[in-house]
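The values are calculated or read from the model by the stated rules, or taken from the named source; none is laboratory data. Predicted model only: the values in this text are computed from it and were never measured. Quick reminder, even Gly has a Cβ in these numbers, built from the backbone with ideal geometry, and neighbours come from all protein chains shown. The area values use the complete protein model at the heavy-atom level, side chains included, leaving out ligands, DNA and RNA. Shrake-Rupley method; radii C 1.70, N 1.55, O 1.52, S 1.80 Å.
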Amino acid sequence: MKQLFIAAVLLVTGCLHSNAQATSTITVDGTNRTYIAYAPKDLGENRPLFIFCHGYSQDAGWMINNEFKNDNVSMQAVCDTAKFVVVFPNGIDKSWDTGGDRDINFVKALIDKMSTQYKIDRNRVYLGGFSMGGMFTYHAMNKIPDLIAAFVPVSGYPMGGASANANVRPIPIMQIHGTGDGTCAFSGVQPALNVWINHNNCPTTAKTINSYNGFGGAKLHIWGPGDDGVEVRLLELADKGHWICKETQVYTGKEMWNFCKRYSLNKTSPSVSITSPKGGGTYTSFAAKGEATFPDITIEASAYDTNGTIAQVDFYDNNTLIATVTAEPYKATLSGATAGTHTLKVVATDNDGETGSTSTSVTFTAPQAAYVLSSKFTEANSVPAGWVTYDSDEKRIGYVGGFGQGCRILQMTGSPRDFTYGLYIRNKNGQAHQGYAKYGLPEANCSMTLARGHYTLKYRICNWNREEFSKVEVAVEKLGDGEAVAQVEYMPTVNVGNVTSNSFSGSKQETFEFDVYEGGNYVLAIYSDASGWSDALIGYLSLAYSGEPVTAITTVAAADSLDRIYNLNGQAIANPSKGIFIKNGKKVVLK
């Protein structure tokens, strides 16, 4: 039989030679399922298992012959030394169940079969897939994380947005994807990975290796370590399309194996994770130079040991020990923080003296110039870190991504356009203050501390899908009781038209000045109108402190009236003269 050099996953299996098996059958839930398995000679016992799923409209044989064969790269040496079993399963109708249990049960049955047939090490089972197989790989992360030690999706991710169940352990992931992929666009990779970067408590800034392995078209991005030391990786391949890379320097099978072989389910050291602040946090204090103060931060952690007990949990601020806790609940308080980035580290020690650790970064900022509150409006279909949205039906707490509808960041592509990214909010039921975006809520690991003083808030707001326009309220509220200390009512004069590719222009940078007379923690709230399906698109927000109070402005809003008239800057006009105005949500001409 002609030798086949399997690369993908399998680096390991590098080559399917005369030991390659024919298609085998296994019955799962009353249905005959087929697969192709390969085991190298002299496999031995307790060796790893790699399961790799084909793409839509493909099958196991196609995957082997077309994607994992590379006559220019010999994988024989890898096969001989790595020694693991590779299984290529066949999906029903050449597709995969990415939402239910049909194929999850198939994978579980294959693991049992390989355990019986080859006595594989069940702690070192790895799962990957190409295209739709990659989508299924993401599905399995939530369904069988206790059976799979590491996951490697290739050119595929959940098209409806990734999710991570709260009770799932930290998951090692390596995504391999080409920037020229026309089937599963590269733009969707980062939002999917961000969900798991956040879940794993990995650093949100990646370490990047350019010209990876000497290949100018490859970049390796590494987020980690996170909880349990796991990493999330992205191997970015410039201009590669919807196929598996088989370059000499970047051979997909070898890259997947080198990543997966580092992970096993069989841990003896304790596991520890930071439950709050989840995914870090941003704490901003506006005050005169040197006078900024920040709220106390409670650090909460969970820890467990599979083969013993937790002796103690130590909490660090950077390298400074701030608390040692010997019993649950494991928590400590960071007080008197100074401006800058702080690494919060938690180390758990078990009764055998083994340790496990995790960390997260929080940022304390004391701006002396205008602070751009919308600085993280950079990822479409997400709610950015520090923000909370509500549409009277669903609350979303940032960072969270992968949304196709509802409150989220929209990326505008029309030309001309007033801004590229905007935070879209809506009010489904039409009740007052039931559609909003808020910044400064503790649930989003965020705080906004305002000293007594004078402030300037700048904003740019459009309607998204309101031809007759609907007003927007911008308010500064006390944290806790929600009392507004300053608010302004604004009527947009630009409507985008419900399509991100539409051009739009004419919205102006508005300025709202107000005073705070009592220092404390506050929330910036932006409310869409108290009418059904009212909306707003927020394109820019900045806040600046400029010293002691100089005015007494606390509101620029009056009681609602059907006769309220606004100029084209969105400002309410009591006695308008001739010109074009907005009345009852419509443009009118007064002569």
I'm a student and want to see the number: the projected area of the Cα convex hull of the stretch 355-439, averaged over all directions, in nm². 9.0 nm²
Given backbone amide H placed at 1.01 Å from N, residues whose amide H is under 5 Å from that of VAL400, ignoring those fewer than 5 places away on the same chain, are VAL383
Distances over 28 Å make up what percent of all Cα-Cα pairs in the stretch 87-245? 20 percent
Going by a ≥ b ≥ c, the root eigenvalues of the Cα gyration tensor, does the stretch 191-255 fall in the rounded group (a/c under 1.5), the prolate group (a/b larger than b/c) or the oblate group? prolate
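Pick out, in residue order, every one of the GluC sites (Glu not before Pro) in the stretch 449-481 that is DSSP loop and has at most 14 other C-beta atoms within 10 Å; say none if there are none. Show your work: numbers first, answer last.
Numbers: sites: GLU467, GLU468, GLU473, GLU477; in loops: GLU467, GLU468.
Loop-located and lightly packed - GLU467, GLU468.
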For a protection proxy built on the mean count of beta-carbon atoms within 10 angstrom, sort 131-139, 488-496, 212-220 highest first, please. 131-139, 488-496, 212-220
Under a no-solvent Debye model with one identical scatterer per Cα of the stretch 481-529, what's log10 I(q)/I(0) at q = 0.17, 0.25, 0.30, 0.33 Å⁻¹? -0.73, -1.11, -1.36, -1.45
What does the highest-first list of 192-198, 81-87, 541-547, 315-321 look like by mean Cβ count within 10 Å? 192-198, 81-87, 541-547, 315-321
Note: the stretch 455-548, point scatterers on Cα, Debye, no solvent; log10 I/I(0) at q = 0.25 Å⁻¹ equals -1.30
How compact and how long is the stretch 285-384, expressed as Rg and Dmax of its alpha-carbon atoms in Å? 17.4, 53
Per-residue HN-Hα couplings for the stretch 124-130, Karplus 6.51 cos²θ - 1.76 cosθ + 1.60 at θ = phi - 60°, whole Hz, x for Gly and Pro? 10, 10, 10, 10, x, x, 9
Taking the Cα atoms of the stretch 134-205, what is the range of coordinates along each of the three principal axes, in descending order and whole Å? 34, 26, 20
Spin-label model distance (nm) - ASP42 vs THR306, 7 Å beyond Cα toward Cβ: 3.0 nm
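Got a number for carbon plus sulfur as a percent of the chain's accessible area, 1.4 Å probe? Mind showing how you got there, number by number?
Values: 11020 of 24080 Å².
Carbon and sulfur together cover 46 percent of it.
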From the Cα gyration tensor of the stretch 228-350, with a ≥ b ≥ c the square roots of its eigenvalues, which class applies: rounded if a/c is under 1.5, or else prolate if a/b is larger than b/c, or else oblate? oblate
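Assuming 1.002 mPa s and 20 °C, estimate D for the chain with Stokes-Einstein, Rh taken as the Kirkwood radius over Cα pairs, in µm²/s. Don't jump to the answer; show the numbers that get you there.
Numbers: Rh = 26.6 Å.
After rounding, the answer is 81 µm²/s.
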³J(HN,Hα) across the stretch 330-336 via Karplus (A = 6.51, B = -1.76, C = 1.60, θ = phi - 60°), whole Hz, x for Gly/Pro? 8, 8, 8, 10, 9, 10, x
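What accessible area per residue, rounded to a whole number of Å², is obtained for the chain using a probe radius of 1.4 Å? Show your work: numbers first, answer last.
Numbers: 24080 Å² over 591 residues.
It amounts to 41 Å² per residue over the chain.
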Geometric extent, Cα atoms of the stretch 93-181 - Rg, Dmax (angstrom): 13.2, 42
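Given the alpha-carbon gyration tensor of the stretch 173-296, what are the semi-axes of its equivalent ellipsoid in whole angstrom, ordered largest first, with each equal to the square root of 5 times an eigenvalue? Please report the intermediate quantities before stating the final value.
Working: eigenvalues 222, 85, 32 Å².
With the √(5λ) rule applied to the stretch 173-296, the semi-axes are 33, 21, 13 Å.
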Restricting to DSSP H runs of at least four residues, report the calculated mean residue ellipticity at 222 nm for the chain, -39500 (n - 2.57) per run over all residues, nearest 500 deg cm²/dmol. -3000 deg cm²/dmol
Starting from the amide H of ASP181, placed 1.01 Å from N in the peptide plane, find each other amide H under 5 Å away whose residue is 5 or more places distant or on another chain. PHE186
Amide H partners (placed H, <5 Å) of ILE565, local residues excluded: ILE573
For LYS395, which aspartates and glutamates qualify as cross-link partners when the Cα separation must be under 14 Å and same-chain residues fewer than eight apart are set aside? GLU443
Calc'd 3J(HN,Hα), the stretch 438-445, phi into Karplus 6.51 cos²θ - 1.76 cosθ + 1.60 (θ = phi - 60°), Hz, glycine/Pro = x, comes to 10, 10, x, 7, x, 5, 9, 6
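Assuming 0.36 nm per residue, please report the length gained on full extension of the stretch ASN429 to THR183 beyond their Cα-Cα distance.
On the way: separation 246, 0.36 × 246 = 88.56 nm, distance 3.71 nm.
In short, 84.8 nm is gained.
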